[in-house]
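Colleague: Take this structure, written in structure tokens, and hold onto it; I'll ask about it next.
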Amino acid sequence: MRAPLLALLLGLALLLSAAPLRAEEPCPTAPTQRLALPATRAALSQGQPVTVVAFGSSSTEGSGATGQDRTYPAQLEAGLHAALPEARLTVLNRGRGGEDVTEMMARLEADVIVARPTLVIWQAGANAALRGMAPEAFSALLEDGIERLRARGVDVVLMDSQRAPRILAAPNFAAFDRAIRDTAARLHIPLFSRAALMEAWAAAGTPATDVIGPDGLHHNDHGYACLAQALTHAMVDAAGPHRIAGR
């Protein structure tokens, strides 16, 4: 074999061995997280349109994904359509990279409430931890936003931070996990915990590097796909056995 061709083949082999996991690879198993979604369940059972708003920062927007179709909101919509083919259901991506809860609250009306959502999945906490925001201020703003949504009859699910090296290195990251968990418990709304999900993945033998990209912060395609799959299962489970009118 000629030397240039051999070098080319070796280079290709190295490139393939270093390639990130693709979303099509099987996701590690994890227990279904129970979500109480009364407004969403009622709308589905009555055959009404359902709008889900994915609200958050860069891991909602899709930083680290190789395309918009690989973000978790896009894959959540695809998964829900496959599971609930008769549902009139839309998932809107309202993530914006770099924001903490202060900036999210500034656009809550224009980006979320105006869409008249049935359900809001609110991902928060990572940027607050990375920026050193006071957990008490974070909780107060989060609670204000939740109450504004619930006053309109909207289901709200909180989503905590991914278990990524840069977040785990933040001095006070655990305080924001507690703040999100305590806010959900105090206001009696569901928490979809990425922390618990990723800990279950790790227990099943999946290292963080399989689901977190090279920046040490955001999911890769595989991570977003598995997050969307777990969230889809939780939402379908919450919809109930008679979830679609006429079925």
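Colleague: Would you mind telling me which numbered condition in (1) at negative phi; (2) assigned to a loop (DSSP other than H, G, I, E, B) Ala179 fails?
Modeller: For Ala179, the exception is condition (2).
Colleague: Still on this structure: Looking at (1) surrounded by 14 or more Cβ atoms within 10 Å (Cβ to Cβ); (2) in contact (Cβ under 8 Å) with a residue 24 or more places away in the chain; (3) of a type in the set (D, E, K, R), which is the only condition Arg181 fails?
Modeller: Here Arg181 meets the rest and fails (2).
Colleague: Here's something else I'd like to know. List the number of the failed condition for Thr102; all other conditions in (1) under 26 Å from His233 (Cα atoms); (2) among the polar types (S, T, N, Q); (3) open to solvent by 30 Å² or more (accessible area, probe 1.4 Å) hold.
Modeller: (1)
Colleague: Same structure again: Restricting segment 189-219 to residues that are part of a strand (DSSP E or B) and out of contact with any Ser or Thr (no Cβ under 7 Å at 6 or more places or on another chain), which is surrounded by the most Cβ atoms within 10 Å (Cβ to Cβ)?
Modeller: Checked segment 189-219; the qualifying residue surrounded by the most Cβ atoms within 10 Å (Cβ to Cβ) is Ile212.
Colleague: Here are Ala200, Ala175, Ala179, Ala184: which of them is in contact with a strand residue (DSSP E or B) (Cβ under 7 Å, 6 or more places away or on another chain) and not basic (Lys, Arg)?
Modeller: Ala184
Colleague: Thr90: at pLDDT 95 or above, closer than 20 Å to Ala184 by Cα and either over 15 Å from the mean Cα position of the chain (by Cα) or open to solvent by less than 30 Å² (accessible area, probe 1.4 Å) (or both), yes or no?
Modeller: no
Colleague: Can you tell me which residue among Ala23, Ala39 is hydrophobic (A, V, I, L, M, F, W, C) and at pLDDT below 95?
Modeller: None of the other options fit; the residue is Ala23.
Colleague: Oh, and also: Can you tell me which residue among Ala54, Ala30 is open to solvent by less than 90 Å² (accessible area, probe 1.4 Å), among the aliphatic types (A, V, I, L, M), touching a helix residue (DSSP H, G or I) at 6+ places or on another chain (Cβ under 9 Å) and modelled with pLDDT of 95 or more?
Modeller: Ala54
Colleague: Looking only at segment 195-209, filter to residues that are in contact (Cβ under 8 Å) with a residue 40 or more places away in the chain and under 21 Å from His233 (Cβ atoms); which one of those is nearest to the chain's Cα centre (by Cα)?
Modeller: Step by step, filter segment 195-209, then rank; the result is Leu197.
Colleague: Would you tally the residues in segment 110-161 being open to solvent by 50 Å² or more (accessible area, probe 1.4 Å), closer than 21 Å to Pro38 by Cα and either free of Cβ contacts under 8 Å to residues at least 12 places away in the same chain or in a helix (DSSP H, G or I) (or both)?
Modeller: Qualifying residue count for the region: 7.
Colleague: Another question, then. In contact (Cβ under 8 Å) with a residue 60 or more places away in the chain and either of a type in the set (Val, Ile, Thr) or within 19 Å of Ser58 (Cα to Cα) (or both): does that describe Asp221?
Modeller: Criteria met by Asp221.
Colleague: Oh, and also: Do we have any residue at all in segment 233-241 that's over 30 Å from Gln48 (Cα atoms), open to solvent by 10 Å² or more (accessible area, probe 1.4 Å) and not in a loop (DSSP other than H, G, I, E, B)?
Modeller: No, every residue in segment 233-241 fails to be over 30 Å from Gln48 (Cα atoms), open to solvent by 10 Å² or more (accessible area, probe 1.4 Å) and not in a loop (DSSP other than H, G, I, E, B).
Colleague: Another one. Kindly evaluate Ala170 against the criterion of being of a type in the set (Gly, Ala, Ser), surrounded by 13 or more Cβ atoms within 10 Å (Cβ to Cβ) and either modelled with pLDDT under 95 or under 17 Å from Val112 (Cβ atoms) (or both).
Modeller: yes
The values are calculated or read from the model by the stated rules, or taken from the named source; none is laboratory data. Just so it is clear, the structure is predicted and the values come from calculations on it, not from any experiment. Backbone-built Cβ (ideal geometry, glycine too); neighbour counts: all protein chains shown. Areas reflect the complete protein model, heavy atoms only, side chains present, ligands, DNA and RNA absent. Shrake-Rupley method; radii C 1.70, N 1.55, O 1.52, S 1.80 Å.
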